[in-house]
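Engineer: Below: one structure in structure tokens.
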Amino acid sequence: MALEPSRGLYLYLRTLTVAMEDSILTDDEASILHILAEALGILPSDTAVCLSVVRGTETNPFDGTAFDYSGHHPGDVVTYQSALVAALDDEVITEDEWAMLTALRNIVGIQEDQHAMIEEAIHAMAEVDANGVRRLERLQRYMTVCPY
């Protein structure tokens, strides 16, 4: 089944491409991709086709199109925040996860002030989260290693 070009599909494919640069999709990467798929409206049946597109066995629906789906749109901040929280939900943010988050941030055009607001929102969420202390510690490690 052919994929219909959309901005959500574009963002998902670009992020999936970064995740697959090492030809391995880890559980952590899959978790972030699952959240992105839901946030971007990618059907579960389409995620396997997306993987085939990235592997080169299916045609990329964006080949030959003149549309540019990058740039900032409504909902991007929440989507990026969801991906960042997903990365923080396990014990380690891997280099692959950092690459995915950086790619997503760059594609959607998250600015430094927006990233600061997202970080503040995660801090606010952590105060009421039973696991908040650990999430804040991981956020601090992430911000130390990969400052915006």
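Engineer: Consider the stretch 41-56. How many of its residues are part of a helix (DSSP H, G or I), under 14 Å from Leu3 (Cα atoms) and either in contact (Cβ under 8 Å) with a residue 24 or more places away in the chain or not aliphatic (A, V, I, L, M) (or both)?
Structural biologist: So the answer is 10.
Engineer: Is it the case that Leu25 is closer than 24 Å to Pro74 by Cβ, out of contact with any strand residue (DSSP E or B) (no Cβ under 7 Å at 6 or more places or on another chain) and not charged (D, E, K, R)? If you could, list the steps in order and put the result at the bottom.
Structural biologist: Values: closer than 24 Å to Pro74 by Cβ: no; out of contact with any strand residue (DSSP E or B) (no Cβ under 7 Å at 6 or more places or on another chain): yes; not charged (D, E, K, R): yes.
Considered against the rule, which asks whether it is closer than 24 Å to Pro74 by Cβ, out of contact with any strand residue (DSSP E or B) (no Cβ under 7 Å at 6 or more places or on another chain) and not charged (D, E, K, R), Leu25 comes out as no.
Engineer: Here is a follow-up. Consider Ala2 carefully, then state whether it is among the hydrophobic types (A, V, I, L, M, F, W, C), part of a loop (DSSP other than H, G, I, E, B) and in contact (Cβ under 8 Å) with a residue 24 or more places away in the chain.
Structural biologist: Yes; evaluated as a whole, the condition is true for this residue.
Engineer: Let me ask you something else. Applying the selection to the stretch 57-79, what residues are polar (S, T, N, Q) and either in contact with a Gly (Cβ under 8 Å, 6 or more places away or on another chain) or not in a loop (DSSP other than H, G, I, E, B) (or both)?
Structural biologist: Hits for the stretch 57-79 are Ser70, Thr79.
Engineer: Do we have Tyr10 as surrounded by 20 or more Cβ atoms within 10 Å (Cβ to Cβ) and closer than 22 Å to Gln111 by Cα here?
Structural biologist: no
Engineer: Looking at the stretch 84-99, which of the residues that are of a type in the set (A, V, I, L, M) and modelled with pLDDT under 85 is farthest from Thr15 (Cα to Cα)?
Structural biologist: Filtering the stretch 84-99 for residues that are of a type in the set (A, V, I, L, M) and modelled with pLDDT under 85, the one farthest from Thr15 (Cα to Cα) comes out as Val92.
Engineer: Among what's in the stretch 57-74 and is within 21 Å of the chain's Cα centre (by Cα) and free of Cβ contacts under 8 Å to residues at least 12 places away in the same chain, pick the residue that is nearest to Leu25 (Cα to Cα).
Structural biologist: Result: Asp68.
Engineer: A further question follows. Taking the condition acidic (Asp, Glu) and touching a helix residue (DSSP H, G or I) at 6+ places or on another chain (Cβ under 6 Å), does Glu21 pass?
Structural biologist: no
Engineer: For the stretch 6-39, which residues satisfy the criterion of being over 24 Å from Asp68 (Cα atoms) and either in contact with a Ser or Thr (Cβ under 9 Å, 6 or more places away or on another chain) or assigned to a helix (DSSP H, G or I) (or both)?
Structural biologist: Across the stretch 6-39, the qualifying residues are Thr26, Asp27, Asp28, Glu29, Ala30, Ser31.
Engineer: Right, another one. Of the residues that sit in the stretch 40-73 and are over 18 Å from Val18 (Cα atoms), out of contact with any Pro (no Cβ under 8 Å at 6 or more places or on another chain) and modelled with pLDDT under 85, which one is surrounded by the fewest Cβ atoms within 10 Å (Cβ to Cβ)?
Structural biologist: In this case the residue turns out to be Ala66.
The values are calculated or read from the model by the stated rules, or taken from the named source; none is laboratory data. Fair warning: this is a prediction, and the values are worked out from it, not measured in the lab. Note that we place each Cβ from the backbone using ideal geometry, even for glycine, and neighbour counts take in every protein chain shown.
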